[in-house]
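What follows is a single structure, written as structure tokens, with notes after it.
Each reported figure results from applying straightforward, stated rules to the coordinates on display, with no laboratory input. Just so it is clear, the model here is predicted, and its values are computed rather than measured. Every residue, glycine as well, gets a Cβ built from its backbone with ideal geometry; the counts of neighbours run over all protein chains shown.
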Amino acid sequence: MLLCLGCKSVYADSCWISSPTLNFGSVNTQQVSSKTDLDVTCNQYNNVKTSFNLCFYIEDNSPLGINPRRLISLSWPFDYLNYDLYYDPSFSRMIDNKAAPNNLLCKSLQIENNGQQTVQIPIYGKVYANQNVKADNYQSYNMTVKLLYKSKTGDVVPSVEETLAQQNMVQNYMKTTTKFENSCAVVGVNTLDFGSIISLNQPIYGQTSIQLKCPTNTALKVGLDTGLYASGTQRRMTNAGQFIQYDLYQDSAYSIAWGTSDNSVLKLDTYQPVFTIPVYGRILPQNQNLKAGEYRDTITIKLTY
């Protein structure tokens, strides 16, 4: 028979974690960020204040590793959208895929006497800008979140080195999702400047360009309206109530006019992140009795896709 007088039960401290999901919502060619939280719950029943050090990392179960991590499209042929995960909102501390002491960012937790407590540790994500992928839903594979933890009695929080050496580890899974929009954007427009004109007794030519961004393989129509001061379909620049007529063309031969009707728009499929569309301008001979000054017009670009 075993008799124990004055014995005290000792319980092992333990922690467990949630299974977070990071959703970027709808994204396009601009940089997009989002945030989720990893819930960490720890308990201790040893009737004494206990300090925990909590360190986590996320393995690279997503396609093709980290830096960048990748989301995969849901439809064939597969496409990949680059992103990464961070410990901080300034995106300066990337979450590694292994327990490297120099990369881990840990959080402390203290529990008074007996009980359990939950702390939320933020996870920040960033989808990189200027990516040219098809419009689709994207997701990661299930990524393994691993939490390393160590506890000790009192106010002193265990160090990272002590936490790694202890090898107390729990794990769960995380998924990242987003939708890449079927959206196009005008990212650059240069002014069409005909320069200084002394006489309108002969044709005057000018050229500019429009820069666009669209998802891969977008069927796109680009149209230009007749401007603010048109007379019917004739475009006009104005200055103090006087006008100079001009025309816009899609080609350097000045044979295909720009417009917004189906037979005057540019139709194309996109295969590169940013592409440039030339615009050619021409002023034909016309009225010479005009005031000196700057003549202007504003054209609206219409994208249909």
query = Using +1 on the beta carbon of Lys and Arg, -1 on that of Asp and Glu, and nothing else charged, what's the dipole of the chain about the Cα centre, debye to 20?
reply = 160
ask   = For the stretch 201-284, which chymotrypsin sites (Phe, Trp or Tyr not before Pro) are in a loop by DSSP, counting at most 13 other Cβ atoms within 10 Å?
value = Tyr271
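Please report the net charge: other residues with Cβ closer than 12 Å to the Cβ of Gly259, K and R +1, D and E -1.
In short, 0.
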ask   = Do any chymotrypsin sites (Phe, Trp or Tyr not before Pro) in the stretch 88-137 lie in a loop, going by DSSP, with at most 16 other beta-carbon atoms within 10 Å of their beta carbon, and if so which?
value = Phe91, Tyr128
request  = Just check the stretch 14-180 against the gyration tensor rule for me: Cα atoms, a ≥ b ≥ c as the square roots of the eigenvalues, rounded for a/c under 1.5, and otherwise prolate or oblate depending on whether a/b exceeds b/c.
outcome  = prolate
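Taking the alpha carbon gyration tensor of the chain, what are the square roots of 5 times its eigenvalues, largest first, to the nearest whole Å?
67, 19, 14
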ask   = Any idea how far apart Ile204 and Asn67 come out in nm if each label point goes 7 Å out from Cα toward Cβ?
value = 5.7
task = Let me know the shape class of the stretch 28-116, please: from the alpha-carbon gyration tensor, a ≥ b ≥ c as square roots of the eigenvalues, rounded when a/c is under 1.5, otherwise prolate if a/b is greater than b/c, or oblate.
result = prolate
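Could you compute the net charge surrounding Thr118? Neighbours are other residues with a C-beta less than 11 Å from the C-beta of Thr118; K and R count +1, D and E count -1.
Charge balance in the 11 Å sphere: -2.
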remark   = The ³J(HN,Hα) series, computed from each phi in the stretch 23-29 with the Karplus coefficients 6.51, -1.76 and 1.60 at θ = phi - 60°, rounded to the nearest Hz and given as x for glycine or proline, is 10, 7, x, 8, 10, 9, 7
inquiry  = Taking the Cα centroid of the stretch 171-200 and of the stretch 31-55, what is the distance between the two, rounded to the nearest whole Å?
reply    = 42
ask   = Any idea how far apart Gln245 and Lys302 come out in nm if each label point goes 7 Å out from Cα toward Cβ?
value = 2.2
Average Cα contact separation per residue, the stretch 134-237, under 8 Å, 6 or more apart, as relative contact order % = 27
ask   = Between Val187 and Leu74, what length in nm is gained on full extension when 0.36 nm per residue of separation is reduced by their alpha carbon distance?
value = 37.9 nm
query = For the chain, what is the percent of antiparallel DSSP beta bridges, rounded to the nearest 5?
reply = 95
query = How much net charge surrounds Tyr305 when only the other residues with a Cβ under 12 Å from the Cβ of Tyr305 are counted, with Lys and Arg +1 and Asp and Glu -1?
reply = +2
task = Scan the chain and report its longest stretch carrying no GluC sites (Glu not before Pro) that are both in a DSSP loop and have at most 12 other Cβ atoms within 10 Å.
result = 113-293
inquiry  = Which residues among the stretch 156-188 fall inside the zone where the amide N is under 19 Å from a point 7 Å beyond the Cα of Tyr128, along Cα→Cβ?
reply    = 176-181
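For the chain, which span is the longest to avoid every loop-located (per DSSP) member of trypsin sites (Lys or Arg not before Pro) having at most 16 other Cβ atoms inside 10 Å?
My reading of the result: 99-290 is the longest stretch.
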ask   = In deg cm²/dmol, rounded to 500, what helix-only [θ] at 222 nm does the chain give when every DSSP H run of at least 4 residues adds -39500 (n - 2.57) and the total is split over its residues?
value = -500 deg cm²/dmol
